[in-house]
Amino acid sequence: DTEYDWPWYGKLVGAYFKSHPEQQEAIINVMTTEHAATKHLDATWTHFDEWYNYKELNPDIQVLLQLDESSYSGGENGNFHPIAWYHEFDGGRSFYTGLGHTEEAYDDANFRAHLVGGINYCLGRDH
């Protein structure tokens, strides 16, 4: 939630932060298991976090995880609420996840594998 006046940054990240409700559990829909950051996940994942609402989503992002807004309160992106994505940008690779706002998230093996997969994608080690 920074650099609102820097278009390059917004394109790199893939969106701008808009707001978030209180931390709570939500259902995440896994859009693909063909990516290193999601290959270990089932079709849905229930997770407790601080769920960002976004504005100015970049149409070039490839969505990995999407929130089911009916599973929690305070969502403002409707039927299209990506929470993790990737894309190629400006000669490199970008990975974004909106997860990881709690200490407990880092105790979750699924979350850690999600992060490692995203890092490996950025390094060109896996896709």
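Yes or no: Thr32 modelled with pLDDT of 95 or more, closer than 20 Å to Glu88 by Cα and surrounded by fewer than 18 Cβ atoms within 10 Å (Cβ to Cβ)? In short, yes. Within the range 112-127, residues that are closer than 13 Å to Tyr86 by Cα reach partners that are among the hydroxyl-bearing types (Ser, Thr, Tyr) and assigned to a helix (DSSP H, G or I) with beta carbons closer than 9 Å, at six or more positions or on different chains, in the pairs Leu115/Tyr106; His127/Tyr121.
A single entry from Glu25, Glu50 fulfils the requirement of being surrounded by 15 or more Cβ atoms within 10 Å (Cβ to Cβ) and among the acidic types (Asp, Glu): Glu50. Across the range 66-80, the number of residues qualifying as surrounded by 15 or more Cβ atoms within 10 Å (Cβ to Cβ) and assigned to a helix (DSSP H, G or I) comes to 2. The conditions of being outside any loop (DSSP other than H, G, I, E, B), over 14 Å from the mean Cα position of the chain (by Cα) and without any contact (Cβ under 8 Å) to a residue 40 or more places away in the chain are met by Tyr9. Restricting attention to the range 12-55, which residues are assigned to a loop (DSSP other than H, G, I, E, B) and hydroxyl-bearing (Ser, Thr, Tyr)? Once the filter is applied, which keeps residues that are assigned to a loop (DSSP other than H, G, I, E, B) and hydroxyl-bearing (Ser, Thr, Tyr), the range 12-55 yields Thr32, Thr33, Thr38, Tyr52. Within the range 65-92, residues that are touching a residue at least 60 places away in the same chain (Cβ under 8 Å) and within 25 Å of Ala113 (Cα to Cα) reach partners that are buried (at least 18 other Cβ atoms within 10 Å of the Cβ) and small (Gly, Ala, Ser) with beta carbons closer than 7 Å, at six or more positions or on different chains, in the pairs Trp85/Gly14; His87/Gly14; His87/Ser94.
Is it the case, given these coordinates, that Glu56 is modelled with pLDDT of 95 or more and either of a type outside the set (S, T, N, Q) or buried (at least 16 other Cβ atoms within 10 Å of the Cβ) (or both)? Here the answer is no, as Glu56 does not meet what is asked.
Within the range 85-101, is even one residue surrounded by fewer than 19 Cβ atoms within 10 Å (Cβ to Cβ), in contact with a Phe, Trp or Tyr (Cβ under 8 Å, 6 or more places away or on another chain) and in a loop (DSSP other than H, G, I, E, B)? Yes; the residues of the range 85-101 include at least one that is surrounded by fewer than 19 Cβ atoms within 10 Å (Cβ to Cβ), in contact with a Phe, Trp or Tyr (Cβ under 8 Å, 6 or more places away or on another chain) and in a loop (DSSP other than H, G, I, E, B). Could you tell me whether Gly74 is over 25 Å from Glu103 (Cβ atoms) and more than 14 Å from the chain's Cα centre (by Cα)? So Gly74 fails the test.
Say whether the condition of being surrounded by 15 or more Cβ atoms within 10 Å (Cβ to Cβ), at pLDDT below 95, under 14 Å from Gly118 (Cβ atoms) and under 11 Å from the mean Cα position of the chain (by Cα) is met by at least one residue in the range 14-21. Within the range 14-21, one or more residues are surrounded by 15 or more Cβ atoms within 10 Å (Cβ to Cβ), at pLDDT below 95, under 14 Å from Gly118 (Cβ atoms) and under 11 Å from the mean Cα position of the chain (by Cα).
The values are calculated or read from the model by the stated rules, or taken from the named source; none is laboratory data. Quick caveat: nothing in here was measured; it's all calculated off a predicted structure. All Cβ positions, glycine included, derive from the backbone under ideal geometry; neighbour counts span all protein chains shown.
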